[in-house]
Amino acid sequence: MLAQRTGRGMIQKKEFPSRIALLLKAALIVAAGAWAHAPALHGEWLRDWDDATEVTGNTLLREPGALRRIWLNPGTPDYLPLKTTAQWIEWHLWQDRAVAYHAVNIALHLLGALLLWRLLGRLGVRMAWLGGLFFAVHPLAVESVAWLSEFKNVLSLPFLLLAATAFIDHETSRSRTAYVLSVLCFLASMLCKSSGVMLPVVLLAHAWWRRGRVSRDDLVSSLPFLAISLALGLVSLHFQRHLMAINREFPGPEGPVARLAVAGTAALFYGFKCLWPFGLSPVYPRWNLAHPALWRVAGPWLVIAVSAAWLCRGKAPWRRGTLFSLGCFGLFLVPVLGFVPMTYFRITWVADHFAYLPLACVAGLAAAAAGVILRPGVSSRPGNALAGIAVAAVIAILALSSRGYSRVFRDEETLWSRTVSENPGAWIAHANLSDIRLAQGRVPEAETEIRAALLLEPRVAASHNNLGNILSRTGRLEEAVAEYEAALRLNSRLPEVYFNLGDALFNLHRYSEAARRYGEGLRLSPDYAPGRAHLSLALSRAAR
């Protein structure tokens, strides 16, 4: 009995320092990540960049009995009912106080970093906690954390990491409970955002990494995940196609050759930014792919193929592990590489928030590399201290960069001014700066910005509408009418353009034409009361 008690005491003494070490590592991840993203807490709503659609202008969040509609008939651009339900709860807790939403985004990101550490530990990565720290402070994650519309990113990732961890627990213990939990967490992740749609393939890749083959049992285990991916992936595709049918002036890459060029270049772009996350921009330059050269199409894919072939050459465990990590990185990028149509491609081909989930794979690879370099417990190894200093310096530089970049998202003027300075060809930045200048009463500057936007991208109906509003405000009504009509030629499903055109025609005393335009607008938006009033007035004037 004495020996047993002594043994238990020795075990407890060993466990106590390890628990303290775990708590210190977790505290470091939370503290560093919170510090890196702290400037985002003071950020305002980016209303011209989807925040109005997502939250401040989303009337669905204000309805007390909207939960049933959120799940059955949302009428939103995407079917993400769990994400919208969470936003509904947030709205009823703190309405439109942006600081609360920012705090939730940061907290979810830090939770994701901690869960990534847990997953990497299950995968046997030696310094898994460094992967969580790398992810917590990496600048490529800033856009997803600081831009409130990307709440879906930071909400979906923890569920996805829980799903992967529970699946590994199931493989280890054959626990049915862990398997069911994994499926449910994956479903929850997909109902927040469909970016994890490739998880079933990743699970099969994990089986290959562990055992060198994919068995029949592996295929059977992946079936529920595959069913969820197919079902909700098709739903997401349907919603995107419907949205593009409404916004017909926003094309994506046209034809298989252009899509291949976009996909290959984008994959290398994301890989480079994960390793060198400097010069980040809210909107990156959009490559001209009308007639892509052969090198533009084949070059990136050749680099990818040669890299994969080199990793496959030997049987060293690090080669297989690296191939698995990079394969997961590429798999999670597949939905955003241009093969699937997305309305965001009207702005640019690449975006930081597209790389949020793939970044977790790179974080795992970084942790594995740190484990090889640092060799914990081998303090006498030459250069070990120097390697530790280098790793600490990299983490510090990433955190400093993230903190600085977080400030870019504090308000719309800062965001779009920074974008224009780094990417003068970003039409959306000029268009949104025009709205800001107009609200400030700086009408000539607003006109300059919107004309710059139209020069860069003349196929955007909203930009023609905004220029029409500026021209109307300055009394150039005939020019305004021409801009409104140009907007309708691009997109005939925008009721506000009909009402604006009706107002311009009314002020030109063209009452019959004004009444017709008001009527067309009311057919699209029958509940718009000012439109009905203006229609009645135009009809009465036309009858005189």
- So which of Gly132, Gly124, Gly57 is farther than 30 Å from Val283 by Cβ, of a type outside the set (S, T, N, Q) and either surrounded by fewer than 16 Cβ atoms within 10 Å (Cβ to Cβ) or modelled with pLDDT of 95 or more (or both)? Gly124
- Item | Set Ile106, Ile89: member being assigned to a helix (DSSP H, G or I), assigned by TED's automatic domain parsing to the domain that holds His353, of a type in the set (A, V, I, L, M) and more than 30 Å from Thr322 (Cα to Cα) | Ile89
- Message: It is to be established whether one or more residues within the range 60-70 are among the hydrophobic types (A, V, I, L, M, F, W, C), within 30 Å of Ala429 (Cα to Cα) and either part of a helix (DSSP H, G or I) or assigned by TED's automatic domain parsing to the domain that holds Asn432 (or both).
- Response: yes
- Query: Of everything in the range 19-49 that's under 30 Å from Ala462 (Cβ atoms) and of a type in the set (D, E, K, R), which residue is farthest from the chain's Cα centre (by Cα)?
  - Reply: Glu44
- Got a sec? Which helices (runs of 4 or more DSSP H) wholly within the range 454-523 have at least 3 residues that are surrounded by fewer than 20 Cβ atoms within 10 Å (Cβ to Cβ) and free of Cβ contacts under 8 Å to residues at least 24 places away in the same chain? 477-490
- Message: Going by what's in this entry, would Ala205 be described as over 24 Å from the mean Cα position of the chain (by Cα), under 20 Å from Val334 (Cα atoms) and assigned to a helix (DSSP H, G or I)?
- Response: yes
- Query: Do the conditions hold for Arg296, that is, is it surrounded by fewer than 17 Cβ atoms within 10 Å (Cβ to Cβ) and in the same structural domain as Glu143 (by TED's automatic domain parsing)?
  - Reply: no
- Task: For Leu203, work out the one condition from (1) surrounded by 18 or more Cβ atoms within 10 Å (Cβ to Cβ); (2) more than 25 Å from Ala26 (Cα to Cα); (3) in contact (Cβ under 8 Å) with a residue 40 or more places away in the chain; (4) not small (Gly, Ala, Ser) it doesn't fulfil.
- Result: (3)
- Ile106 fails exactly one of (1) in contact (Cβ under 8 Å) with a residue 60 or more places away in the chain; (2) crowded, with 24+ Cβ neighbours inside 10 Å; (3) of a type in the set (Val, Ile, Thr), namely (2)
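Quick one: would you say Leu490 is within 23 Å of Ala426 (Cα to Cα) and touching an Asp or Glu at 6+ places or on another chain (Cβ under 7 Å)?
Taking the combined requirement at face value, the residue satisfies it.
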- Query: Which residues, taken from the range 336-369, are at pLDDT 90 or above, assigned to a loop (DSSP other than H, G, I, E, B) and under 15 Å from Ser195 (Cβ atoms)?
  - Reply: Leu337, Val350, Ala351
- Message: Against the definition (touching a residue at least 60 places away in the same chain (Cβ under 8 Å), out of contact with any helix residue (DSSP H, G or I) (no Cβ under 6 Å at 6 or more places or on another chain), assigned to a helix (DSSP H, G or I) and not assigned by TED's automatic domain parsing to the domain that holds Gly132), how does Leu23 come out, yes or no?
- Response: no
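The values are calculated or read from the model by the stated rules, or taken from the named source; none is laboratory data. The shown structure was predicted, so the numbers you read here are calculated from the model rather than taken from an experiment. Reconstructed Cβ throughout: ideal geometry from the backbone, glycine too, with neighbour counts over all protein chains shown.
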